[in-house]
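Trainee: What follows is a structure written as structure tokens; I'll ask about it next.
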Amino acid sequence: MEYTVLKGTHDIINNEAYNYSYIENLLSNIAKIYNFKEFRIPIIEKTSLFVRSVGESSDVVRKEMYSFLDKGEREITLRPEFTAGIIRSIVNNKLLFNDVPVKAFYCGPVFRYERPQLGRYRQFNQFGIEIVGSNSYLRDVECIVFGYNALKMLGFKDVRLVINTLGDANSRKLYKEKLVEYFSKHIDEMCADCHERLEINPLRILDCKNEDDQHIIFNAPKISDFLSKESNERFQNILNCLDILGVEYTVDEKLVRGLDYYSETVFEYHYTSEKGINYGAIGGGGFYNNLVKEIGGPDVSGVGLSFGIERLFNILKDNNLLAKDDGLDVYIIPIGNISNQYLSVLFTTIRDYGFSCDINLESSSFSSSFKKAERNNAKFAIIVGEEEINTHILTVKNIETKEQFKVVENDLISFLDKNLEEDNDHCHE
Ligand code: HAM
């Protein structure tokens with residue numbers, strides 16, 4: 001029997017894994033500058049948590065959740081996103097009774113049963129932030145700017161920030177009524193999905209990608225005509241801040257986002273490469289004012305955003321922005337029959353001093369050993385033959401320059417210290 005990865009899942013190995021860590025570390029470090037604290041929450045939660053928060057009208061809940069009964073007959077779901085679980089954790093741990101807002105960042109796998117295609121997986125990874133317990137619109141600005149700057153620091157040039165407001169509950173109620181009125185007149189000409197959307201949540205029709213429906217959607221009523229004074233002011237204040245900060249954006253009144261908990265601000269980051277490849281939404285988020293209460297917490301609001309790591313990685317890869325593995329400091333090449341005790345002391349000592357090190361114990365010829373050192377991206381090769389053992393003088397070769405040194409055994413660590421100090425930041429005496 002042949003085992004392969006399940007459809008929509010993928011192994012992340014070698015340089016790809018290195019770059020996933022690179023992306024996650026970069027985003028975590030920026031998050032720490034913004035005073036976000038790391039949350040690690042379970043991958044499984046009660047199904048009802050997501051049904052309640054992400055919402056019964058969302059595609060995620062209706063079609064995409066990995067839900068099952070566990071052996072105790074409990075209804076459980078592999079998280080399809082983080083926000084609901086983060087709020088559950090904040091509420092359970094009573095964090096909103098201490099300092100508000102709570103600022104969380106998180107990273108890990110999420111699961112959605114979607115049709116796999118370029119940049120769309122069934123198991124993928126998200127990195128995100130949430131600010132919970134504050135009503136200030138500056139918190140929205142903080143999240144939007146975090147995402148914008150993070151993408152810049154990854155080296156992305158042509159990020160398009162798309163932003164919209166869904167207004168408060170009243171504005172939305174009025175708007176939805178108008179949408180139902182409008183789309184009911186045209187629904188016979190529209191796709192089957194839109195028929196369903198009209199029943200469940202007419203806002204979702206604005207998100208329809210069907211070409212033939214676009215002219216009808218284009219002429220639909222606009223949310224801006226139904227915004228309350230407060231919602232309008234809130235949105236304009238956010239846009240003003242973005243203007244002052246030089247953050248470029250496009251207001252798109254069709255942006256509604258696919259999850260039910262949003263209110264007021266919603267936003268997404270889109271990316272199209274110079275070659276014209278459209279990577280779609282690489283991250284998105286928004287403000288929510290009912291979610292915390294819905295999950296059993298106090299009546300406070302929050303705002304957040306999540307990035308899809310797979311999509312960030314694909315952009316790095318396609319645009320030559322990948323980070324390069326640091327490689328090894330030292331690769332040991334034994335020649336002939338060298339005592340295993342001697343070799344074990346040598347590689348353990350080097351590693352104990354904090355230098356990365358490996359040894360060739362497999363291939364016999366010097367040239368194939370040397371090639372292995374190169375493939376491991378090693379900076380120095382230490383060649384150990386009988387002569388080296390007898391004289392206690394090691395042969396050390398700089399792999400890049402091919403320069404060769406004779407180094408007294410006892411001086412090896414200070415030699416490595418001196419010659420690798422520019423590259424490394426070792427923490428040894
Ligand atoms: P979302 O837009 O559903 O938002 O997902 C965020 C990001 O995850 C997307 O922009 C995309 O990059 C990535 N993504 C989504 N689905 C897939 C997939 N099937 N394969 C690969 N990547 C995918 C949320 O999840 C919200 N929780 C964001 C948020 C945080 N809102 C407030 N706080």
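Trainee: Please give the FRET efficiency for residue 274 paired with residue 180, using the beta carbon to beta carbon distance and R0 = 41 Å, rounded to the nearest 0.05.
Mentor: For R0 = 41 Å, the calculated efficiency reads 0.45.
Trainee: Right, here's the next one. Of the residues 28, 58, 363, which exhibits the maximal mean-square fluctuation in a Gaussian network model of the chain defined by a 10 Å Cα contact cut-off?
Mentor: Sorting by GNM fluctuation, first place goes to 363.
Trainee: Let me ask something else about it. Out of 191, 258, 349, whose Cα points farthest toward the positive end of the dipole of the chain (charges: +1 Lys, Arg; -1 Asp, Glu; placed on Cβ)?
Mentor: 191
Trainee: Same structure, new question: Using Cα atoms only, what is the angle between the long axis of helix 229-245 and the major principal axis of the chain, expressed in degrees (0 to 90) to the nearest 10?
Mentor: The answer is roughly 30 degrees.
Trainee: Report, to the nearest whole %, how much of the accessible area of the chain belongs to carbon and sulfur atoms, 1.4 Å probe, protein only.
Mentor: 48 percent
Trainee: Relative to the longest principal axis of the C-alpha atoms of the chain, give the angle of the C-alpha long axis of helix 137-153, reported between 0 and 90° and rounded to the nearest 10°.
Mentor: That helix lies at roughly 40 degrees to the long axis.
Trainee: Just 40, 204, 74 to compare: in a GNM of the chain, with alpha carbon springs under 10 Å, which one fluctuates most?
Mentor: Looking only at 40, 204, 74, the biggest GNM fluctuation is shown by 74.
Trainee: In region 140-164, which residues have a backbone nitrogen under 14 Å from the label point lying 7 Å from residue 224's Cα in the Cα-to-Cβ direction?
Mentor: It comes to 163-164, nothing else.
Trainee: FRET efficiency for residue 402 and residue 250, Cβ-Cβ distance as r, R0 = 45 Å, nearest 0.05?
Mentor: Here the calculated transfer efficiency is 0.25.
Trainee: Would you calculate a helix-derived [θ] at 222 nm for the chain, using -39,500 (n - 2.57) for each DSSP H run of n ≥ 4 and dividing by the full residue count, to the nearest 500?
Mentor: After summing the helix terms and dividing by the residues of the chain, the value is -11000 deg cm²/dmol.
Trainee: Step through the residues of region 393-406 one at a time and calculate ³J(HN,Hα) from phi using the Karplus curve (6.51 cos²θ - 1.76 cosθ + 1.60, θ = phi - 60°), rounding each to whole Hz and writing x for Gly and Pro.
Mentor: 10, 8, 9, 10, 10, 6, 5, 6, 8, 6, 5, 10, 10, 9
Trainee: Can you give me the relative contact order of region 270-331 as a percent, contacts being Cα pairs under 8 Å and 6 or more apart?
Mentor: Computed value for region 270-331: 25 percent relative contact order.
Trainee: Shape verdict for region 48-97, please, from the Cα gyration tensor: rounded (a/c under 1.5), prolate (a/b greater than b/c) or oblate.
Mentor: oblate
Trainee: Right, here's the next one. When ligands, DNA and RNA are left out and all protein chains stay put, how many square angstrom of accessible area per residue does the chain have with a 1.4 Å probe?
Mentor: 52 Å²
Trainee: Before anything else, pin down the relative contact order of the chain: Cα pairs under 8 Å, at least 6 apart, normalised by residue count, whole percent.
Mentor: After rounding, I find 15 percent.
Trainee: Checking the a/c ratio against 1.5 first, then a/b against b/c, what shape does the Cα gyration tensor give for region 340-426?
Mentor: Rounded is the answer for region 340-426, as its axis ratio a/c remains below 1.5.
Trainee: Can I ask one more? Please give the charge dipole size of the chain, origin at the Cα centre, charges +1 on K and R Cβ atoms and -1 on D and E Cβ atoms. Round to the nearest 20 debye.
Mentor: 900 debye
Trainee: Counting only protein chains, not ligands or nucleic acids, how are 65, 153, 1, 190 ordered by accessible area (probe 1.4 Å), most first?
Mentor: Ranked from most to least accessible, the order is 1, 153, 65, 190.
Trainee: Using alpha-carbon pairs under 8 Å, 6+ residues apart, how would you state the relative contact order of region 98-243 in percent?
Mentor: For region 98-243, the relative contact order is 22 percent.
Trainee: Kindly express, to the nearest 10 degrees and within the range 0 to 90, the angle between helix 340-352's C-alpha long axis and the longest C-alpha principal axis of the chain.
Mentor: 50 degrees
Trainee: Here is a further query. Which residue fluctuates the most in the chain, going by a Gaussian network model with Cα springs under 10 Å, if the choices are 185, 32, 222?
Mentor: Evaluated over the chain, the most mobile residue of the options is 185.
The values are calculated or read from the model by the stated rules, or taken from the named source; none is laboratory data. A quick note: this is a predicted structure, and the numbers were derived from the prediction, not measured. For neighbour counting, all protein chains shown are included, and Cβ atoms are generated from backbone atoms with ideal geometry for every residue, glycine included. Note: areas computed on protein heavy atoms with side chains; ligands, DNA, RNA excluded. Shrake-Rupley method; radii C 1.70, N 1.55, O 1.52, S 1.80 Å.
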